[in-house]
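These notes are about the structure you will find just below.
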Amino acid sequence: MFAYILRRILYIVPIALGVTLLVFALVHIAPGDPLNAVVGPDAPAEVVESLRRAYGFDRPLPVQYLIYLGNVLTGDLGQSVATGRPVVADLGRALGNTLILSVGAAIVGFTSGILLGALAGWHRGGLTDRLATLVTVIGVSVPHYWLGMVLVIVMAVELNLLPAMGMAPGGEGWGFTTTHLKHAVLPVITMSVIPMGIVARSVRATVAEVLQQEFVQALRAKGLGRGPVLRHVVRNVAPTIVSVLGLQFGYLLGGSILIETVFSWPGTGFLLNEAIFKRDIPLLQGTILMLGLFFVLLNLLVDIAQAALDPRMRRS
Amino acid sequence: MPPESIPAAATDAAPAAAAPLLSVSGLTVSFDTPRGRASAINGVDFTLKRGELLCLLGESGSGKSVTLRALMRLLPERRSRVAGSVLLNGEDVYRLPERRMERLRGKAISMVFQEPMLALDPVYTIGQQIAETIVRHEGTSAAEAERRALELLEKVQIPSAKRRLHAYPHEMSGGMRQRAMIALALSCNPSLLLADEPTTALDATVQMQILLLLRQLQAELDMAVILVTHDIGVAAETADRVAVMYAGRFVELGSARQVLKDPRHPYTAGLLASTVQGDMRGRPLDTIPGAPPDLTALPPGCAYAPRCPYGDGSTLTASPPEVWLEPGRMARCVRAKAMAGATAVAD
């Protein structure tokens, strides 16, 4: 087990390097001159040239990459072209905000998804199964920005129960107060619908598959009752579900451009949206790099959790 | 269930000792399938004494495994219908509440499955799985249960048992896994062990070891065993009595010697003629023409009649009765008496 974990951690290094390489290449893959965002297209040539030197664009690409890598390793993601603020600061705040939404959505979506899926899988073919399947199909099919708008219209505009947008009455800033929590309710619900559907579907399939295996009958043949058999089923379902949950949490962390825009929630999705429209390359690079690394890290955690739960995984 | 039947069974200790351990009568099982109702078991009657080994012999789909599962009341309740009675130590298995039934499963009656790789939980160690059963039925401490599990692994002759206790099923060989499965089934000293083709998934050399082990443990623990197999060699090697199954019925029943040397049902005779026995070099094997019947549309008469070489049409419509040739010796065929010595089985 220890050797397995060590090996998985070592695998991270090339993957993370790959991510930085991709993010670095972004500047050169994106159409147009990156300097256009800083100065207008009609700026004098010598100004453009001095900026080019200032940003290091006159150096050979490998050297540029190494400099970039060095900066990243020392925690320097550059400055936002639009605001001049360090990318790390903006990103940190946005990640914190998205974390509130994604943890909330994970709690709501994962619990409801696991419950729905487990019920459906346990009673496969019955009425419960069909109802649960209906809910999950709706969950994954409804466009969530549309759902967000409908929720805003019903809950905020018509019923006036919850605030329509923003993190707080005064704009940004989070605290665990009733007002703040109220602001989070609608975006969290909207965001939890898709993971709920996906988690429910995989839990249903996995539970149904495990229940069909002969060892479940063998457990009954040992004299185990419903509860202990259920415990065995959970232990067998867990490795698969953990990987689904990990992946879904990764998507949630990326934030949702659409949801954060609908609800004016200043998270990573919102930030990405801004960076793209303003051609703020350093901000874009920093955000994508951070999200990419989060994903890699999450995958590592999932792999370790899976190996801990399923002895058959430890060999490979 | 009637409340007076529990004390009655419990206090009548003296007659119970003489009574058979297991008494099955009129057992029928049918399943709901998309193609209609499939009649898997169509009236099975037999008794089993303590310490006796009965072999159920038959091809796939003849109802052998379903019979075993029906004896343990393990069939899926929603999709199956069971009728008849299964008396284990005088208690009707089908009239017990589920909670009491759970107490019997794995204790008084336990099962060895065909494919131990599938029948063992892949994410628990062998030791945990055995200990779990012991704790469940005997309420011992976890440490005591683990000590017993180690003893059991040694009893089924698993080398370096202490290490295997902490092994997962996928870390063991097929034969080792089946030994572990047997240890699990024996963990609470059952009086009846059901073995569902326990050697089919194993290499030929390992098959023999497992059969010998089962035979030895059966004698040592004075267990009754019902062994399901489609392998006549296995039946000849192990059984006290043999029951031949076809389309959910016992078509022939008797001592192993009687049934395998002097078959009185054309199906048994066909089965023997289609199997390699003794020195048959250079002689072609016979085959039974046709295929087993569709269980959702069984013929009204003898289920074997369409394939029967002796069939004259009369058994196609009327089901032949059980013909008792002597006590304990039955063949369900109108020709049961005439069949005497009809087949020359190479010996």
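Can you say what percent of the DSSP beta bridges in the protein assembly as shown, counting only those with both residues inside, are antiparallel? Round to 5. Expressed as a percentage, antiparallel bridges in the protein assembly as shown total about 65. The alpha carbons of the range B:273-317 occupy a box of 40, 24, 14 Å along the principal axes, longest dimension given first. Calculated from DSSP H runs of 4 or more alone, at -39500 (n - 2.57) each and per residue, what is the 222 nm mean residue ellipticity of chain B, nearest 500? Calculated mean residue ellipticity at 222 nm is -9500 deg cm²/dmol. Charges were assigned to the Cβ only: +1 to each Lys and Arg, -1 to each Asp and Glu. The resulting dipole of the range B:143-294 about its Cα centre is roughly 200 debye. Starting from the Cα of B:Lys162, draw a straight line to each of the lysines and keep only those under 26 Å, dropping any in the same chain fewer than 8 residues away. Within the straight-line limit of under 26 Å, B:Lys162 reaches these lysines: A:Lys222, B:Lys107. Across every pair of non-identical alpha carbons in the range A:87-279, the mean reciprocal distance, once inverted, gives a Kirkwood radius of 18.2 Å.
Its Cα gyration tensor gives the range A:39-145 an equivalent ellipsoid. The semi-axes, each the square root of 5 times an eigenvalue, are 52, 16, 14 Å from largest down.
Its alpha carbons considered, the protein assembly as shown gives a radius of gyration followed by a Dmax of 35.0, 116 Å. Annotation: lysines with alpha-carbon distance below 17 angstrom to B:Lys337 (same-chain offsets under eight excluded): B:Lys261. Shielding by partners for peptide A:205-217, expressed as the average number of C-beta atoms from other protein chains within 10 Å of each residue's C-beta, is 3. Relative contact order of the range A:172-316, taken over Cα pairs closer than 8 Å and 6 or more residues apart, is 23 percent. Rounded to the nearest 0.05, the FRET efficiency derived from the C-beta distance between B:Ser141 and B:Arg257 at R0 = 45 Å is 0.40. Selection among A:Val47, B:Leu272, A:Leu230 by position relative to the dipole of the protein assembly as shown gives B:Leu272 as farthest towards the positive end (Cβ unit charges, Cα centre). The alpha carbon centroids of the range A:249-316 and the range B:64-93 are separated by 54 Å. Only Lys, Arg, Asp and Glu carry charge here, each on its Cβ (+1 for the first two, -1 for the last two); on that basis the protein assembly as shown has a dipole of about 920 debye about its Cα centre.
For A:Lys182, the aspartates and glutamates whose Cα comes closer than 17 Å to its Cα, not counting residues fewer than 8 places off in the same chain, are A:Glu158, A:Glu172, A:Glu260. Annotation for the range A:247-316: trypsin sites (Lys or Arg not before Pro) lying in DSSP loop with at most 11 further Cβ atoms inside 10 Å of their Cβ are A:Arg315. Look at the dipole of the range A:87-279 built from charges on Cβ: of A:Phe176, A:Met191, A:Thr206, the Cα furthest out on the positive end belongs to A:Thr206.
As a ratio to 2.2 N^0.38 Å, the alpha-carbon radius of gyration for chain B is 1.03.
Antiparallel beta bridges, as assigned by DSSP with both residues in chain B, represent about 60 percent of the total such bridges. Short-range pairs are left out: with C-alpha atoms under 8 Å and at least six residues apart, the relative contact order of chain A is 27 percent. Simple spin-label estimate for A:Val63 and A:Leu131 gives 7.0 nm between the two label positions (7 Å along the Cα-to-Cβ direction from each Cα). Within chain A, the selection of entire DSSP H helices by a Cα span of 24 Å or greater along the long axis and an average Kyte-Doolittle value of at least -0.5 returns A:2-29, A:87-122, A:178-212, A:226-253, A:281-309. Toward the positive end of the charge dipole of the range A:1-96, with +1 on the Cβ of Lys and Arg and -1 on the Cβ of Asp and Glu, the farthest Cα among A:Tyr65, A:Gln79, A:Thr20 is that of A:Thr20. Modelled label positions at A:Tyr11 and B:Leu285, each set 7 Å beyond Cα in the direction of Cβ, lie 4.6 nm from each other. What separates the Cα centres of the range B:182-212 and the range A:177-201 is a distance of 53 Å. For the range A:87-279, a simple Cβ point-charge model (Lys and Arg +1, Asp and Glu -1, everything else neutral) yields a dipole of about 680 debye relative to the Cα centre. Please list, by residue number, everything in the range B:125-158 whose backbone N is under 16 Å from a paramagnetic label point 7 Å out along Cα→Cβ of B:Gln209. From the range B:125-158, the list is B:153-158.
Once divided by 2.2 N^0.38 Å, the Cα radius of gyration of the range B:195-347 becomes 1.11.
Every read-out reported here was derived from the displayed coordinates using simple, explicitly stated rules and does not represent laboratory data. These numbers were taken from a predicted model, which means no experiment stands behind them. Virtual Cβ from ideal backbone geometry, glycine too; neighbours counted across all protein chains shown.
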